[in-house]
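Student: First the structure, which I've put down as structure tokens, then a few questions once you've had a look.
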Amino acid sequence: ASAQFQLAVPVAVVFAPGSVPGDLPRPLPFRDVQEMEISVNLRTSITSRYETVYRSTTAQEEAALDVPTAREADAALHLLQDASLGALTVYVVPETSSHLPQGISVYVGKHRSALLRAGGGLATLRTRLQQLTQVMSFTASSIAAALSDRLPDGQLGPDARRHLKSSLGYEITFSLLNPDPKSHAVDWDIEDAVNRYVQPVLDKLSLVANFSVDSQILYYAVLGVTPRFDKESSSFLLSAHSLPHVINPVEARLGSSAASLYPVLNFLLYVPERSHSPLYIQDKDGAPVSTNAFHSPRWGGIMVYNVETPASPQASLPLHVDVDMVRVMEVFLAQLRLLFGLSREELPPEFLLESPGNEGLADWELDRLLWAHTVENIATVSTTLTSLAQLLDKIGNIVIKDDVASEVYRAVTSAQSAMAKLAVGHLHSAFQASKEAVTSSERAFFDPSLLHLLYFPDDQKFAIYIPLFLPMAVPILLSLAKIVREARQRKKEPTKMD
């Protein structure tokens, strides 16, 4: 099915005193709309509209900017901003402003605003604004990745299929693999680590989907590849090309994805057995990977945690190991960001991005995720309903119940509502409508009243009913044949004439 998306991004450009460029086309305040085409394919067209309002700072905003650092300004301005999702506010500060460090002309805060150093007139300002909106809302490649199912493989970048597909929920499983419990008694305080480091990130992402987290310890679970011993470093190595083979045998032991309705993210901490310690992961060039971890797109990640060997050979086994959860969680959270497509892109050197802190992602990064997921949800609904329509066309004798029909209508209405909300820049309500559309379309597609007809085609009916009717039909057919024969004979016999 074809789709025409319009994505409207409300942008406010606010000039502090002494930062207004001399070549503005009209006096402040004024509005300006810029449109950009994002080419996807013949059936899908996307137009992004940047609806910009140029104005001067209010007295409150001036007071908020009267602080020494950009970070403090970001926190103070946050309280005065348009807090709606997807809206951006850019504060233009004078060229001589001390907010921004030397050599930095754009500071992106952890909410939905940025500070931009004035200078160079309107043309420079517009170029910077375009770079900023690409960072803080969406890019052609992030939207193309969201629509990856509609694109031929050749058109996609290498990262397009790395991100998790949009889903109403995700399950996260943390597993500790201890293949050698005779040598290592491993303790990890996973509950405290999840509450401290993972939960703040999931609370922020709760707008996107529901999350459930569980953990397990697996004993005697070994990797599917025997590491190679390296004499020089007297350690064991796992090379990059062998990493894909590591996952399969371990996955058979995890057992969580089989019963799950939602995508499962697996994070594995592997304590190598004593005979293969220490174990290091190598990248494609043969250099050791600093985190000693790797991730698999749409699946999860594995980190190898080496245990210090005791100095004296007489040390009693098993060795007690307390896992440093801060180091482990740093790696797992970085992998979680990668899986959700939240990795920071390469930026021009004059950009400075504020660290999101304990929450794990900035407000604008959440918006980026919502833009991509909303578009992906609408595309998914379109594909699901098209498949359903094609399927129902093939089954002539199908009866569609009223509740299935109403789910289809609801899915179509919600998808249209999401498209309309995107076109006016209401990201939050557009995303909610797209989620409702997905739920309704899935309910219609997997409705039990349709399922049994899919598995009961006409040839199966013949196979079932012929054995029942054939024994009865044989004597009836023979009797009919006999009656026909007798009738013919009667016609042939000439009637006697008296």
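Student: Against the condition of a type in the set (S, T, Y), touching a residue at least 40 places away in the same chain (Cβ under 8 Å) and open to solvent by less than 40 Å² (accessible area, probe 1.4 Å), how does S441 come out, does it pass?
Tutor: Yes, satisfied.
Student: Just one of L265, L342 is of a type in the set (A, V, I, L, M) and touching a strand residue (DSSP E or B) at 6+ places or on another chain (Cβ under 7 Å); which is it?
Tutor: Among L265, L342, only L265 is of a type in the set (A, V, I, L, M) and touching a strand residue (DSSP E or B) at 6+ places or on another chain (Cβ under 7 Å).
Student: Taking K284 as the residue in question, decide whether it is touching a residue at least 40 places away in the same chain (Cβ under 8 Å) and either of a type in the set (K, R) or in contact with a helix residue (DSSP H, G or I) (Cβ under 6 Å, 6 or more places away or on another chain) (or both).
Tutor: yes
Student: Is there a residue being open to solvent by less than 20 Å² (accessible area, probe 1.4 Å), modelled with pLDDT of 80 or more, β-branched (V, I, T) and closer than 23 Å to H295 by Cα anywhere in the range 123-139?
Tutor: no
Student: Being open to solvent by less than 40 Å² (accessible area, probe 1.4 Å) and assigned to a strand (DSSP E or B) is the filter here; which residues of the range 276-299 pass it?
Tutor: L279, I281, Q282, A293, F294, S296
Student: Among the candidates F229, F211, F236, which residue alone is of a type outside the set (S, T, N, Q), loosely packed, with under 12 Cβ neighbours inside 10 Å and in contact with a Phe, Trp or Tyr (Cβ under 8 Å, 6 or more places away or on another chain)?
Tutor: Checking each option against the conditions leaves just F229.
Student: If you don't mind, another one. Taking only the range 391-408 into account, find how many residues are within 16 Å of F446 (Cβ to Cβ) and open to solvent by 50 Å² or more (accessible area, probe 1.4 Å).
Tutor: Total satisfying the criteria: 4.
Student: Please indicate, with yes or no, whether at least one residue in the range 202-210 is at pLDDT 90 or above, of a type in the set (G, A, S) and under 22 Å from the mean Cα position of the chain (by Cα).
Tutor: Within the range 202-210 (the criterion being at pLDDT 90 or above, of a type in the set (G, A, S) and under 22 Å from the mean Cα position of the chain (by Cα)), the answer is yes, since at least one residue qualifies.
Student: Which residue pairs have Cβ atoms closer than 7 Å, lie 6 or more positions apart in sequence or on different chains, and pair a first residue in the range 2-31 that is closer than 19 Å to L77 by Cβ with a second residue that is among the acidic types (D, E) and in a loop (DSSP other than H, G, I, E, B)?
Tutor: Every condition considered, the pairs that remain are A12/D82.
Student: Working only within the range 308-324, note down all residues that are open to solvent by 20 Å² or more (accessible area, probe 1.4 Å) and modelled with pLDDT of 85 or more. Write out each step before concluding.
Tutor: Looking only at the range 308-324, we keep the residues that are open to solvent by 20 Å² or more (accessible area, probe 1.4 Å), and these are 308-320, 322, 324.
Listed by number, the residues that qualify are H320, D322, D324.
Student: With T386, T380 as the choices, which residue is touching a residue at least 24 places away in the same chain (Cβ under 8 Å), open to solvent by 40 Å² or more (accessible area, probe 1.4 Å) and more than 30 Å from Q130 (Cβ to Cβ)?
Tutor: None of the others qualify; the one that does is T386.
Student: Exactly one condition in (1) of a type outside the set (K, R); (2) modelled with pLDDT of 90 or more; (3) buried (at least 21 other Cβ atoms within 10 Å of the Cβ); (4) under 17 Å from R128 (Cα atoms) is not met by S19; state its number.
Tutor: Answer for S19: the failing condition is (2).
Student: For the range 367-472, give me every one of the helices (runs of 4 or more DSSP H) that falls completely inside it and has 1 or more residues that are more than 30 Å from A83 (Cα to Cα) and under 23 Å from the mean Cα position of the chain (by Cα).
Tutor: Ranges flagged: 427-445.
Student: Considering each residue of the range 161-201, count those that are without any contact (Cβ under 8 Å) to a residue 24 or more places away in the chain and open to solvent by less than 20 Å² (accessible area, probe 1.4 Å), and give that number.
Tutor: Residues in the range 161-201 being without any contact (Cβ under 8 Å) to a residue 24 or more places away in the chain and open to solvent by less than 20 Å² (accessible area, probe 1.4 Å): 1 in total.
Student: For the range 64-148, give me every one of the helices (runs of 4 or more DSSP H) that falls completely inside it and has 3 or more residues that are touching a strand residue (DSSP E or B) at 6+ places or on another chain (Cβ under 7 Å) and touching a residue at least 24 places away in the same chain (Cβ under 8 Å).
Tutor: Once the helices (runs of 4 or more DSSP H) in the range 64-148 are filtered for at least 3 residues that are touching a strand residue (DSSP E or B) at 6+ places or on another chain (Cβ under 7 Å) and touching a residue at least 24 places away in the same chain (Cβ under 8 Å), what remains is 70-78, 121-136.
Student: Now for a different question. Step by step: first the residues of the range 325-349, then only those that are at pLDDT below 85 and of a type in the set (D, E), then the one that is farthest from L177 (Cα to Cα). Which residue is that?
Tutor: E346
Student: Quickly run through the range 34-63 and pick out the residues that are at pLDDT 85 or above, surrounded by 14 or more Cβ atoms within 10 Å (Cβ to Cβ) and not in a strand (DSSP E or B).
Tutor: Residues satisfying the conditions are T57, E61.
Student: A further question on this structure: Restricting attention to the range 452-497, report how many residues are open to solvent by 90 Å² or more (accessible area, probe 1.4 Å), at pLDDT below 75 and under 30 Å from K401 (Cβ atoms).
Tutor: 4
Student: Suppose we filter the range 244-268 for residues that are more than 23 Å from the chain's Cα centre (by Cα) and open to solvent by less than 70 Å² (accessible area, probe 1.4 Å); how many remain?
Tutor: 3
Student: Out of the residues in the range 71-100 that are open to solvent by 60 Å² or more (accessible area, probe 1.4 Å) and under 23 Å from P21 (Cα atoms), state the one that is farthest from the chain's Cα centre (by Cα).
Tutor: T96
The values are calculated or read from the model by the stated rules, or taken from the named source; none is laboratory data. This is a predicted model, so every value here is computed, not measured. Quick reminder, even Gly has a Cβ in these numbers, built from the backbone with ideal geometry, and neighbours come from all protein chains shown. Just so you know, the surface numbers come from the protein's heavy atoms only, side chains and all, with ligands and any DNA or RNA stripped out. Shrake-Rupley method; radii C 1.70, N 1.55, O 1.52, S 1.80 Å.
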